[in-house]
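This report concerns only the one structure given below.
The values are calculated or read from the model by the stated rules, or taken from the named source; none is laboratory data. What you are looking at is a predicted structure, and each value in this text was computed from that prediction instead of being measured. Here the Cβ positions follow ideal geometry from the backbone for every residue, glycine too, while neighbour counts run over all protein chains shown. Just the protein is used for accessible areas: all its heavy atoms, side chains included, with ligands, DNA and RNA removed. Shrake-Rupley method; radii C 1.70, N 1.55, O 1.52, S 1.80 Å.
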Amino acid sequence: MRGVVFDGSRTEVVDDLEIREPGPGEVLVAVAAAGLCHSDLSVVDGTIPFPSPVVLGHEGAGVVEAVGAGVGHVAPGDHVALSTLANCGACAQCDRGRPTMCRKAIGMPGRPFSRRGESLYQFASNSAFAERTLVKAVQAVKIPADLPFTSAALIGCGVLTGVGAVLNRAKVDRGDTVVVIGTGGIGLNVIQGARIAGALTIVAIDANPAKEAVARRFGATHFLTSASPDGVREILPHGADHAFECVGRTELIRTAIDLLDRHGQAVLLGVPAATAEASFLVSSMYLDKSILGCRYGSSRPQRDIALYAELYREGRLLLDELVTETYPVEDFAKAADDAHHGRVARGVLVF
């Protein structure tokens, strides 16, 4: 079968991948569509350290082909969106409704794939850039059959991360003010999450002026091409209740903190290098300000993916508008180049 493999130095679209049958508690999924997220590119450029060779992809949707023993919530033929969160469901964090903090969901990649006799790692417990992938049952979330796969695929990462950061982590409330730094796939979902939450003012910031139209379509009330505090404070004289950094640059993390009002929250969603350090004025924090990390939108995928699917069907959550372009998997190099240069909100690979 076809898939996108990174061998530690180069990325290649291959056609001779193999995958094992599902074991107990596992689901085999025929992938129909998979979004290309910057996290995939971060594995390729080394920003996210990951063992290789690895089958890339982590934002997908498709059809269940087979299930292992003990799986009852999905069956062959069901349409599913895939979560990257292979949490155990039984530890203290899972029991407290914090599956993103499950220690068994972090840093334990499986190797269900093989090629020419060699085992390949699975990226983010998902590897959606393959015609078929194998996930834990908890990662397969049933969705309505009328959702387009190209849109449904994006729920599993970009939407869960961006919208979830607003609703679950920051808990943006009606009338709040929000600044979003970076209007890529994650930033746009933060913007529409803030709109859904009822934020009064949503300031989108991106160096590319061509992104203003789509930012406003998703809910931005203002758009700036610079994160200069002076420019933001012309709109929000006292600063923002919430500032989301969606780029992954340490200087912008400092900017997000500097843009906060009293009791404000800076939420970190961009992914800088693993060893990167950021600085801020400690004295600025004594007005009850907070810096919040956020893993995967602090989401509960079985609940949140179903919720976001319904919000989409009601016209309140935009998914189709995120899909700038679709590519056959063989055009991965072009899709990656478009994503790297910011030409797309989300490019989607289709099988």
FRET efficiency, S290 to R116 (Cβ-Cβ, R0 51 Å, nearest 0.05)
0.50
Straight-line reach from K136: which lysines have a Cα under 21 Å away, not including same-chain ones fewer than 8 places off?
K104
Using 18 Å as the cut-off for backbone N distance, which residues of region 145-180 belong to the label zone defined by a point 7 Å from the Cα of L307 along Cα→Cβ?
154-176
Mean accessible surface per residue for the chain, computed with a 1.4 Å probe while every protein chain stays in place, in Å²
42
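Over region 222-336, what percent of the accessible surface lies on carbon and sulfur atoms, probe 1.4 Å? Write out the running numbers ahead of the final one.
Working: 2900 of 5800 Å².
Taking all protein chains in place, region 222-336 shows 50 percent carbon and sulfur surface.
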Picking from R262, R174, R116, which is most flexible by a Gaussian network model of the chain using Cα springs under 10 Å?
R116
Using amide H atoms built 1.01 Å from N in the peptide plane, name the residues 5+ places from A240, or on other chains, whose amide H lies under 5 Å from its own.
L260, D261
Hey, which lysines would be in cross-link range of K171, C-alpha to C-alpha under 17 Å, not counting anything within fewer than 8 residues on its own chain?
K289
Need one word for region 150-284: rounded, prolate or oblate. Basis is the Cα gyration tensor (sqrt eigenvalues a ≥ b ≥ c); a/c below 1.5 gives rounded, then a/b vs b/c decides.
rounded
Label corresponding to semi-axes √(5λ) of the Cα gyration tensor in Å when calculated from the structure given, among (1) 34, 21, 19; (2) 73, 20, 16; (3) 28, 24, 22:
(1)
Enter the accessible area of M1 (Å², nearest 10), with the probe set to 1.4 Å and all protein chains included.
40
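Order of 312-322, 194-204, 25-35 by packing, highest average Cβ count within 10 Å first?
Values: 312-322: 16.3, 194-204: 21.7, 25-35: 23.9.
In descending order of packing, they fall as 25-35, 194-204, 312-322.
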Lysines within cross-link reach of K334: Cα-Cα under 23 Å, excluding same-chain residues under 8 positions apart?
K211
Angle between the Cα long axis of helix 301-313 and the longest principal axis of the chain, 0 to 90 degrees, nearest 10?
70
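Of the heavy-atom accessible surface of region 46-138 (probe 1.4 angstrom), what whole percent is carbon and sulfur? If you can, show how the numbers build up before the last one.
On the way: 1890 of 3930 Å².
The nonpolar share, carbon plus sulfur, comes to 48 percent.
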Would you mind pulling out the separation of the Cα centroids of region 157-216 and region 76-128, in Å?
27
In nm, to one decimal, how far is the modelled label at V350 from the one at R20, with both set 7 Å along Cα→Cβ?
3.4
Can you send over the solvent-accessible area of D40, 1.4 Å probe, protein chains only, in Å² to the nearest 10?
0
By the Cα gyration tensor axes a ≥ b ≥ c (a/c under 1.5 gives rounded; else a/b larger than b/c gives prolate, otherwise oblate), the shape of region 283-351 is oblate
Calculate one ³J(HN,Hα) per residue across region 183-199 by plugging θ = phi - 60° into the Karplus curve 6.51 cos²θ - 1.76 cosθ + 1.60, and present them in order as whole Hz with x for glycine and proline.
10, x, x, 6, x, 5, 6, 5, 4, 6, x, 5, 4, 4, 6, x, 4
